[in-house]
Amino acid sequence: MQIGSFASRANAEREMHRLKALDESAFLWVSGAGSSLRYKVRVGPFADRAAADRALAKLKKNGESANLIPP
């Protein structure tokens, strides 16, 4: 599940650590190169779609703008 996409690694790491403090399994996913380089903060993996849906609902309830990313 993707929480956000950042041009700044520092901002992405700050968000990742904030989520980890909330007991989420957050990690960085780096994509692109040059000016299109992005640091994506994601949470997961999940056992199945139902577990991902529950986590998504919990995060959205806490004000996150999370999106499910298919494997």
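So the values come out like this:
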| quantity | calculated |
| --- | --- |
| Cβ-Cβ under 6 Å pairs, at least 6 apart or on other chains, the stretch 14-36 side at positive phi, far side surrounded by 10 or more Cβ atoms within 10 Å (Cβ to Cβ) | Gly32/Arg38 |
| Answer residue from the stretch 19-58, given it is in contact with a strand residue (DSSP E or B) (Cβ under 9 Å, 6 or more places away or on another chain) and of a type in the set (Ser, Thr, Tyr) and is farthest from Gly4 (Cα to Cα) among those | Ser25 |
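Every number here is computed from the coordinates shown, using simple stated rules; none is lab data. Worth saying up front: this structure is predicted, and the values here are computed from it rather than measured. Every residue, glycine among them, receives a Cβ derived from its backbone with ideal geometry; neighbour counts consider all protein chains shown.
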